[in-house]
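Notes follow once the structure below has been shown.
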């Protein structure tokens, strides 16, 4: 069975988001072993570029510990695909990799070091989403991809 890792900066406090994450996690486990790894966000001391880069570097050190398999980072400048293309991408990846690791950055994004390690940079939209909500959106799309691949009536 394929292993899906979701490495995410920051924790989730809102119950409605936690409930959605729990539901999609449960659904995904029909198709894959899911592992969600939360990493404490390193908040910059100020909004200066230097402090932001320093915080992202600290995040990167922790993220690096959890990178394995085919690495997909969520990046606003990444490739935009639809749900069917995501399912095809997952199917293709699983032909040569037993693990897919998705990385969701914090409010200031991801360091260039982590983006460089990515096999694929994926953008869900040109719009900005809270990273907590992005975790729900990502899990829903992973579930949708598996339903497409398994001809299960969910995707419309």
Revision key, fill the gap. Label model pair residue 15, residue 120: point-to-point distance (7 angstrom along the Cα→beta-carbon line) in nm is 3.6 nm
Review point. Among 128, 89, which comes first, second and so on when ranked by fewest other beta-carbon atoms within 10 Å?
Key: 128, 89
Revision key, fill the gap. The relative contact order of the stretch 47-137, taking Cα pairs under 8 Å that sit 6 or more residues apart, comes to a percentage of 44 percent
Exercise for review: With a bin width of 5 angstrom, please list the P(r) values of the stretch 1-92 as percents of all Cα-Cα pairs, from the 0 bin to the one holding the largest distance.
Suggested key: 3, 10, 15, 20, 21, 16, 8, 4, 1
Revision key, fill the gap. Mean Cβ-within-10 Å packing, highest first, puts peptides 28-37, 45-54, 118-127 in the order 28-37, 118-127, 45-54
Study note, to complete from the structure: Which of (i) 9.1; (ii) 11.1; (iii) 10.6 gives mean projected area of the Cα convex hull in nm² as computed here? It is (i)
Study note, to complete from the structure: For the chain the mean separation of alpha carbon contacts under 8 Å (6+ apart) over residue count, i.e. relative contact order in percent, is 33 percent
Check your understanding: What angle, in degrees between 0 and 90 and rounded to the nearest 10, separates the Cα long axis of helix 83-94 from the longest principal axis of the Cα atoms of the chain?
Key -> 90 degrees
**Study point:** Kirkwood-based shape ratio for the stretch 84-154, expressed as Rg/Rh from alpha carbons
**Key:** 0.98
Check your understanding: Helix 49-64: angle to the longest alpha-carbon principal axis of the chain, degrees 0 to 90, nearest 10?
Key -> 40 degrees
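The numbers here are math on the coordinates, done by the rules we state, and not lab data. What you see is a predicted model; the values in this text were computed from it and never measured. Ideal geometry is used to build each Cβ from the backbone, glycine not excepted, and the neighbour counts take in all protein chains shown.
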